[in-house]
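One structure is given below, encoded as structure tokens.
The values are calculated or read from the model by the stated rules, or taken from the named source; none is laboratory data. As the structure is a prediction and not an experimental result, all values here were calculated from the model. Ideal geometry is used to build each Cβ from the backbone, glycine not excepted, and the neighbour counts take in all protein chains shown. Protein only, heavy atoms only, side chains kept; ligands, DNA and RNA dropped before computing areas. Shrake-Rupley method; radii C 1.70, N 1.55, O 1.52, S 1.80 Å.
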Amino acid sequence: MVKIIAMLWERFSQHKVPDLAAQLSFYFLLSLFPFLLFSLSLLAYLPISSDLVLSMISHYIPSVALPFVETNIRRILDIQRPELLSVSLLLALWSASNGSHAVIRSLNRAYDVDEERSFIKGRLVALGLVGGLFLLFLVALLLPVFGRVIGVWLASFVGLSEQFIQRWESVRWLLSMGVTLVLFLYVYILAPNTSLAIRDVWPGAILAAIGWQGVSYGFSYYVDHFGRFSVMYGGIGGIVIFMLWLYLTGMVLLLGGEFNSTLKLTRDRKHVP
């Protein structure tokens with residue numbers, strides 16, 4: 001285990017994982033805004049009022065920026081714009097595919113392989129990763145970060161007791177851990193240009209899932225206890241914390257891939273006569 005950890009640290013430095021994590025965080029942030037625009041444009045076709053959306057997000061937006069956000073949300077939600085929906089969908093897919101290609105390149109570097117898949121196959125893999133990463137972000141944001149808020153709202157809406165909220169605290173973390181683990185397995189098998197099975201990637205997937213839960217818990221702690229400070233200090237504090245969360249997300253994702261590749265390299269060396 002000491003040799004594996006030493007080899008992992010050496011490969012972690014050689015492959016410049018912190019730099020690649022910064023690149024991934026930029027692509028993640030770049031794909032976030034088109035996705036939010038597409039989501040809001042899609043809400044205009046659903047029976048959801050702009051007042052409901054504003055009441056949900058007003059707790060996490062500085063009061064200074066709230067009038068600007070309210071004006072734009074009402075402009076998007078109250079009027080159906082099919083051209084905005086199609087354009088935002090194309091932008092979201094394009095920016096998300098850039099992020100998934102960055103993941104593919106980073107995990108290929110972890111396994112010391114080149115990308116030799118055809119253009120069509122590479123695009124299909126990238127689109128598959130877009131769906132997996134989207135679910136990963138959705139689970140990481142909704143359950144660990146806003147999970148308590150969702151549980152309190154669900155209890156008040158359905159009329160459940162306080163015991164439900166206490167049990168929900170445990171259930172949401174277990175559910176988030178299970179879904180996150182499955183999605184990391186999916187990414188680690190699909191992204192690298194090498195043949196891998198579940199037995200080859202489950203150690204890194206467990207490491208990444210635990211690490212991501214820790215990062216998400218830290219971000220959730222900030223939202224629950226310090227989110228109100230943005231009213232005094234402006235939105236810059238929340239933006240910095242969110243960028244740090246994206247950076248650590250990329251770091252955890254790549255660390256799990258490097259751990260899997262290190263274990264694979266160790267096994268291959270043992271089988272060499």
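For region 4-32, what are the residues that are without any contact (Cβ under 8 Å) to a residue 60 or more places away in the chain and assigned to a helix (DSSP H, G or I)?
5, 6, 9, 10, 13, 14, 19, 26, 32
Go through 60, 45, 27 for me and flag whichever is within 24 Å of residue 250 (Cβ to Cβ) and modelled with pLDDT under 75.
60
What do you reckon, is residue 219 at pLDDT below 80, within 21 Å of the chain's Cα centre (by Cα) and surrounded by 13 or more Cβ atoms within 10 Å (Cβ to Cβ)?
Spelling it out, residue 219 is indeed at pLDDT below 80, within 21 Å of the chain's Cα centre (by Cα) and surrounded by 13 or more Cβ atoms within 10 Å (Cβ to Cβ).
For region 167-197, what are the residues that are in contact with a Phe, Trp or Tyr (Cβ under 9 Å, 6 or more places away or on another chain), modelled with pLDDT of 85 or more and part of a helix (DSSP H, G or I)?
Matches in region 167-197: 181, 184, 185, 188.
Is there any pair with a first residue in region 108-127 that is of a type in the set (Lys, Arg) and a second that is part of a loop (DSSP other than H, G, I, E, B) whose Cβ atoms are under 8 Å apart and which are 6 or more apart or on different chains, and what are they?
Final answer for the pair search is 109/15; 117/193.
This table checks each residue for (1) open to solvent by 40 Å² or more (accessible area, probe 1.4 Å); (2) touching a His at 6+ places or on another chain (Cβ under 6 Å); (3) modelled with pLDDT under 80.
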{"residue": "74", "(1), (2), (3)": "yes, no, yes"}
{"residue": "82", "(1), (2), (3)": "yes, no, yes"}
{"residue": "88", "(1), (2), (3)": "no, no, yes"}
{"residue": "93", "(1), (2), (3)": "yes, no, yes"}
{"residue": "103", "(1), (2), (3)": "no, no, no"}
{"residue": "109", "(1), (2), (3)": "yes, yes, no"}
{"residue": "122", "(1), (2), (3)": "no, no, yes"}
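Restricting to region 252-266, name every residue that is under 12 Å from residue 18 (Cβ atoms) and either open to solvent by 40 Å² or more (accessible area, probe 1.4 Å) or modelled with pLDDT under 90 (or both).
255
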